[in-house]
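> Okay, here's the structure, questions in a sec.
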Amino acid sequence: MSASNRDQPVIRRARIADRDRLRRMQAHSLRVLGRGDYTDAEIETFLANAATMDDFLLHEGTYSLIEIDGCLAASGGWSRRLPHLGGAHPLGHAHDAPLVSWIRSVFVDPRYARRGLARRLMQLAEREATAAGCREFQLAATITGIPFYRALGYTEGSHADVALPGGLRFRLVTMRKMLEPKFGGVTRAA
């Protein structure tokens, strides 16, 4: 690879064969970047009982990753399904809302943080979901991720804490973003 191509982000669809390294990167990301907002016990118990990503995302074909020089740098995607958070659904029940999509499991390896990689994955997920007919995006943000999602136009909703063994709770906040419908090439408020 030439020097000019090194360190260039490559986005591709995640595959089931990527699962283990995705989970390792996501756990490392949460342990490092989430440390200021969560205790070690909350992080480790969440990882052991709820995890960061469910396999169905990989089967749906709506989950992507970014590699830089062969290293897994970031991951994220979307789904019409509610996130699976270890059996409990603090986000509520699935509803018949075909225009709603969930932004799912956006993580960045701490070595690649603040390079715009998560933003690129969010833009890709929003474009794909929009092309599939979705007009509302929802997500369950970690406390750490709230400022990032706010900067992308998401607004805060309710707390959606995950109850964990040992009386621990992993704090999440639901966030949403509505797209404005377009009429005759003109965008109007919903």
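> Considering only the range 40-73, state which residues are touching a helix residue (DSSP H, G or I) at 6+ places or on another chain (Cβ under 9 Å), part of a helix (DSSP H, G or I), farther than 23 Å from TRP102 by Cα and in contact (Cβ under 8 Å) with a residue 60 or more places away in the chain.
Listed by number, the residues that qualify are ALA41, THR45.
> Here is a list: ARG23, ARG19. Which entry is closer than 14 Å to SER105 by Cα, surrounded by 15 or more Cβ atoms within 10 Å (Cβ to Cβ) and basic (Lys, Arg)?
Sole residue among the options that is closer than 14 Å to SER105 by Cα, surrounded by 15 or more Cβ atoms within 10 Å (Cβ to Cβ) and basic (Lys, Arg): ARG23.
Each row is one residue, and each column tells you yes or no for (1) charged (D, E, K, R); (2) crowded, with 19+ Cβ neighbours inside 10 Å; (3) not in a loop (DSSP other than H, G, I, E, B).
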{"position": "THR130", "(1), (2), (3)": "no, no, yes"}
{"position": "CYS134", "(1), (2), (3)": "no, yes, no"}
{"position": "PHE137", "(1), (2), (3)": "no, yes, yes"}
{"position": "ALA141", "(1), (2), (3)": "no, yes, yes"}
{"position": "THR144", "(1), (2), (3)": "no, no, no"}
{"position": "PRO147", "(1), (2), (3)": "no, no, yes"}
{"position": "GLY153", "(1), (2), (3)": "no, no, no"}
{"position": "GLU156", "(1), (2), (3)": "yes, no, yes"}
{"position": "GLY166", "(1), (2), (3)": "no, no, yes"}
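> So, of the residues in the range 88-120 that are in a strand (DSSP E or B) and of a type outside the set (Phe, Trp, Tyr), which turns out to be modelled with the lowest pLDDT?
ALA88
> Taking the condition among the basic types (Lys, Arg) and under 22 Å from LEU58 (Cβ atoms), does ARG127 pass? I'd like the intermediate steps shown before the answer.
Numbers: among the basic types (Lys, Arg): yes; under 22 Å from LEU58 (Cβ atoms): yes.
Yes, satisfied.
> Let me ask something additional. With the condition kept exactly as written, say whether any residue in the range 17-39 is under 17 Å from the mean Cα position of the chain (by Cα), among the polar types (S, T, N, Q) and outside any loop (DSSP other than H, G, I, E, B).
Within the range 17-39 (the criterion being under 17 Å from the mean Cα position of the chain (by Cα), among the polar types (S, T, N, Q) and outside any loop (DSSP other than H, G, I, E, B)), the answer is yes, since at least one residue qualifies.
> Sticking with this one: Just to be sure, is ASP54 surrounded by fewer than 20 Cβ atoms within 10 Å (Cβ to Cβ), closer than 15 Å to ALA140 by Cβ and modelled with pLDDT of 95 or more?
In short, no.
> Still on this structure, please answer the following. Kindly indicate whether THR144 is within 22 Å of ARG24 (Cβ to Cβ), modelled with pLDDT of 95 or more and not aromatic (Phe, Trp, Tyr). First the steps, then the outcome.
On the way: within 22 Å of ARG24 (Cβ to Cβ): yes; modelled with pLDDT of 95 or more: yes; not aromatic (Phe, Trp, Tyr): yes.
Judged against the criteria, THR144 is a match.
> Moving on. Pick from the range 116-137 the residues that are charged (D, E, K, R) and touching a residue at least 40 places away in the same chain (Cβ under 8 Å): which of them is nearest to LEU72 (Cα to Cα)? Steps first, answer last, please.
Residues of the range 116-137 that are charged (D, E, K, R), as a first pass: 119-120, 126-128, 135-136.
Then drop every residue that is not touching a residue at least 40 places away in the same chain (Cβ under 8 Å), which leaves 120, 126, 128, 135-136.
Numbers: ARG120: 15, GLU126: 21, GLU128: 22, ARG135: 30, GLU136: 29 Å.
Filtering first and then ranking leaves ARG120.
> Test LEU85 against the stated conditions and say whether it is at pLDDT below 90 and more than 12 Å from the chain's Cα centre (by Cα). Show your work before the answer.
On the way: at pLDDT below 90: yes; more than 12 Å from the chain's Cα centre (by Cα): yes.
In short, yes.
The values are calculated or read from the model by the stated rules, or taken from the named source; none is laboratory data. Not measured: the values here are computed from a predicted model. FYI the Cβ positions are ideal-geometry reconstructions off the backbone, even for glycines, and counts take in every protein chain you see.
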